[in-house]
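Here's the structure, in structure tokens; my notes come after.
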Amino acid sequence: MPEGKAGFGERLRRALAAGTALPSALAVASALALGFVVIALTGKDAAGGYARMLDGALGGPEALGETGVKAAVLACTGLSVALAFVVGLFNIGAEGQFIAGALGAAVAGASVRLPGPLHVPFALGCAAAAGALPALAATWLKAKRGVHEVISTILLNWVVIYLVHDWLVVGPLRAPSSGANVSASGTAQIFASAELPRLLEGSRLDVGLPLAVAFALLAWLLLGRTALGYELRAVGANAEAARAAGVPVARRLYLAMALSGALAGVGGALLILGTERRYPGVFRTGYGFDGIAVALVGGAHPLGVLAAAFFFGAMRAGATRLQLVGIHPSFTELIQGLAVLFVAARPLFAALAGALGRPPAGKGAP
Amino acid sequence: MSVGAAPPSPSPATGAGPALELVRLTKVFAKPAAEGGVCVACDDVSLAVPAGEVVAVVGENGAGKSTLMNLAYGLYRPTSGSVRVGGRALELGSPRDAIAAGVGMVHQHFMLVGPLTIAENVALGAEPRRGLLFDRARAERAVAELSDKLGFGIDPRAPVASASVATQQRVEIVKVLYRGARVLILDEPTAALAPAEAEALLESVRALAAEGKSVVLISHKLREVLAVASRVAVMRRGRLVAERPAAETSAEELAGLMVGGAAAGPARVALGAAPPGREGGGAPSSGREGGGDVAAGRGAAVAGGGRGAAGAVAGGGRGAAGAGAGGGRGAPVVALRGATARNDRGVVALKGVDLELFAGEIVAVAGVDGNGQTELAEVLVGLRPLEGGTFERSEAARAREAVAHVPEDRQRRGLCLPLSVEENLVLGRHRAPGLVRQAAFDVVDAAARRELAARLIEALDVRPTDPGARAESLSGGNQQKIIVARELLAAPPLLPSSPPIALVVAVQPTRGLDLGAIANVHARLREARDAGAAVLVVSLDLDEVRALGDRIVVMAGGRVAAELPAGADEALVGRHMLAGEGAARA
């Protein structure tokens, strides 16, 4: 009965690691159903709202493009959180890493002149490095000073946010305003060579989406098929046993967190290089925090994260359409929140099912 | 038992009849269809445990002993049957009701909270209060009282994490008594204890029975069972196959019943039986010690543990037989000189150890738990730095994969419980060229890994045999088999691309295993020796030490107290164990 020794966080982590697609799909369906009921209870046209939302998310190239762009970014931040989960770390700093990466991409895209095929990879690389930096700082604090990564990553979020928004973007990196463009604020516009190529006529869909899908596939291969990924999972499952087996645990933690931060940073780059084209003066996105929700709903599995990113991306894309029938767009956030809640409550559902007479799989909770 | 604190006190059972009665219990687990759909872990078992008696339940790993006890304690809900305590039927599947009725269970794996003190652990969930506050003083007094009564000598204020395994075992017993248990279920209580500690524990069990408590003792150690129980129930494959008064049976008969088929019995009981051409130790239950061996052992016993003496001992003790079989002792593999090291609590645990291990020999380390054996093993496998002295290794023993390590704490250090059996079977050898394609980013060769896992599972008889099962779903004994299989056999010839094993460090390698599995593990250790590895086995079980060791090293107080020849007299080993400073702790 080894489970008796596991703390709550550990059991939550295991429940997530054990994620199969079905419970998450059920959680999403339940959230949509309950959201429908709530909207109906407020006296609005829930059916009409859902139809508009669906249209805004999936109806036609433009809507699909919006969903795809958002899903790509969310897949990156979701993979970022999931990768840290694998080694047993909770990276709440994806938001700060996302912002650092976005700024890195904006600067790389606007300050260097490179031929097209090189500029985008260069800017993505800068974003990855900028995102990895705060994540590595948090890991270093944990390894050297014993600071819990939840605390350090949360606090580093605010360090990055204030540093970027309240100083760099309005100060040293602010674009000199030209006569023709007085209203624009933020950093300088990136060169055309750094823009992500668009894929679909009549939509903003760009190569960010195939890139994000590739990242998810690579992460899946890394974790499931390589010795390195096996070591990362072993470290997350039992760092002490991994150490005894000769796995360099500290180096694996640094590597996982560097990759985690880099993915969040690349997520920021996709948004800058694909749609914003500069680091805007007002940039409140929450893609990094949503990455936590995406990782949870996706069961911390790379392919699950990809699916969850599409769900969250579709909700974001469809949100504005709700207003057409007088429903506040924040209802989509309610539905997303419910989905996370249902996923997190999975052990509860399992326990309920056990109490209702089904023979418990391993043991009854004492 | 009246306690100073206010534990939930069950209403005393005044009626006669059995204190605990299991009536026709059956438990069926669902299993993957490929394995037959269901697994009957417990099949129509009835057992009565009268007040004031000790009833032992014996059986091999997976015979259903633990399942039966989990049913009695309400952790599992039986498929059919009932549990009665003092004549009252318990609510099924409710540990809470079982506890309220006075049933207490001490699990094989301790359920303790490391950072809390012993008193806090004991009181957890049934804390005495003063107003709204936890009455720590009262809890500590209650624990001290119970401890004194049983002669446990535990300090209620010490953190559990710093207590030895033996002390943690006692804490678990105090915990159930504190809750007013009248029926105690002890699952393998002496598995991790040294002989003296085990003897003390059995004494406490007798004292509990004399006080009117009922005790169910699950054990593999038949001698213990016969010494303390009044009746013995034997389980095999989920069924209760026999029940005997302890006075009317023998270890041989019980072992035969456990493994089934009288023919299989004697052969498997003789754990220490030496392979042909090798002299082994005495078989534990048959107690056959060659008179000549003992005499030689006595004559050559050198308490100083000096190098020269060790050589003399090996020569005198093993004689011609040692040299004649499998090449015998070869070149030195590791050498510790004046080694000192601190334990996890920063206390110096090794106080100048001189020890050389040679290829082709098994050195068995005996000693009371906590006398430096753990730290010695950790130093040898490179997990604990030396503070002083030197540590030399032969070229062959430097590669990490050439060192097989069966750690003392299998769940903390030996396994990644959430990962699969297959993944655990390669942990540490997972980068062997035969298991990954080094040319292609170290991508795992899934087919090779699966084949190796299947062979390892077969070799050690790991159950269930599904390599995809999570390690945490296996019983403790089968988890141990995973580690032994990996450390000793995930090497040439099964894994030719890994370097041959040069050094084996096995701490309590057979903890919690049944007779058949113990014999298997011992055979694997001897195979490793015969293949040229230097083998160090740390054990708290003197039978095991004497059965395996080509040379016996006794540790006491962080030093080598003696080096003795193979099969040295048990009493002699025991005397040296208690000779050092460590004896004060025992």
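The values are calculated or read from the model by the stated rules, or taken from the named source; none is laboratory data. Just so it is clear, the model here is predicted, and its values are computed rather than measured. All Cβ positions, glycine included, derive from the backbone under ideal geometry; neighbour counts span all protein chains shown.
Observations, loosely collected:
- For segment A:312-332, the count of residues that are within 23 Å of A:V120 (Cβ to Cβ) and modelled with pLDDT of 90 or more is at least one.
- Among the residues making up segment B:443-463, those that are away from chain A (no Cβ under 13 Å) and either surrounded by fewer than 17 Cβ atoms within 10 Å (Cβ to Cβ) or touching a residue at least 60 places away in the same chain (Cβ under 8 Å) (or both) are B:R450, B:E451, B:A454, B:R455, B:E458, B:A459, B:L460, B:D461, B:R463.
- Filter result (within 12 Å of chain A (Cβ to nearest Cβ), buried (at least 17 other Cβ atoms within 10 Å of the Cβ) and modelled with pLDDT of 85 or more) within segment B:96-111: B:D97, B:A98, B:I99, B:M105
- Set B:P418, B:P467, B:P433: member being within 30 Å of B:A166 (Cα to Cα) and either modelled with pLDDT of 90 or more or β-branched (V, I, T) (or both): B:P418
- Within segment B:59-77, tally of residues that are away from chain A (no Cβ under 14 Å) and either in contact with a His (Cβ under 7 Å, 6 or more places away or on another chain) or among the basic types (K, R) (or both): 1
- Meets criteria (within 14 Å of chain B (Cβ to nearest Cβ) and either on the phi > 0 side of the Ramachandran plot or assigned to a helix (DSSP H, G or I) (or both)) for A:A314: no
Every residue, every condition in (1) assigned to a loop (DSSP other than H, G, I, E, B); (2) more than 21 Å from B:M105 (Cβ to Cβ); (3) in contact (Cβ under 8 Å) with a residue 60 or more places away in the chain, yes or no:
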{"residue": "B:T167", "(1), (2), (3)": "no, no, no"}
{"residue": "B:E172", "(1), (2), (3)": "no, no, yes"}
{"residue": "B:A181", "(1), (2), (3)": "yes, no, yes"}
{"residue": "B:V205", "(1), (2), (3)": "no, no, yes"}
{"residue": "B:V215", "(1), (2), (3)": "no, no, yes"}
{"residue": "B:R244", "(1), (2), (3)": "no, yes, no"}
{"residue": "B:L254", "(1), (2), (3)": "no, yes, yes"}
{"residue": "B:M258", "(1), (2), (3)": "no, yes, yes"}
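- All of A:L200, A:L232, A:L222 fail the test of being in contact (Cβ under 8 Å) with a residue 12 or more places away in the chain and either among the small types (G, A, S) or crowded, with 19+ Cβ neighbours inside 10 Å (or both), apart from A:L232.
- Here B:S394 meets the list (1) surrounded by 20 or more Cβ atoms within 10 Å (Cβ to Cβ); (2) modelled with pLDDT of 90 or more almost entirely, failing just condition (1).
- Which numbered condition B:E487 fails, given (1) within 18 Å of the chain's Cα centre (by Cα); (2) outside any helix (DSSP H, G or I): (2)
- For segment A:209-242, taking the residues that are modelled with pLDDT under 95 and more than 26 Å from B:A447 (Cα to Cα), the one that is farthest from the other protein chains (Cβ to nearest Cβ) is identified as A:A239.
- Spans of strands (runs of 3 or more DSSP E) in segment B:515-569 with at least 2 residues within 13 Å of B:G360 (Cα to Cα) and modelled with pLDDT of 90 or more: B:534-538
- Some residue of segment B:159-173 being among the basic types (K, R) and under 22 Å from B:G512 (Cα atoms): yes
- Among (1) more than 7 Å from chain A (Cβ to nearest Cβ); (2) assigned to a helix (DSSP H, G or I); (3) not hydroxyl-bearing (S, T, Y) - the single one B:G389 does not satisfy: (2)
- For segment B:65-95, residues that are in a helix (DSSP H, G or I) and either over 23 Å from B:A41 (Cα atoms) or among the hydrophobic types (A, V, I, L, M, F, W, C) (or both) total 4.
- Test: residue in segment B:428-442 that is within 29 Å of the chain's Cα centre (by Cα) and touching a residue at least 24 places away in the same chain (Cβ under 8 Å): yes
- Residue match in segment B:148-156 (condition: in contact (Cβ under 8 Å) with a residue 40 or more places away in the chain, buried (at least 17 other Cβ atoms within 10 Å of the Cβ) and under 26 Å from B:D344 (Cα atoms)): yes
- Scanning segment B:408-438 for residues that are at the interface with chain A (Cβ under 7 Å from one of its Cβ atoms), in a loop (DSSP other than H, G, I, E, B) and closer than 13 Å to B:G476 by Cα yields B:L415, B:L417.
- Of the residues making up segment B:141-157, none is away from chain A (no Cβ under 12 Å), farther than 30 Å from B:G346 by Cβ and in a loop (DSSP other than H, G, I, E, B).
- Of note, B:L380 satisfies the criterion of being within 14 Å of another protein chain (Cβ to nearest Cβ), under 25 Å from the mean Cα position of the chain (by Cα), crowded, with 23+ Cβ neighbours inside 10 Å and under 23 Å from B:G532 (Cα atoms).
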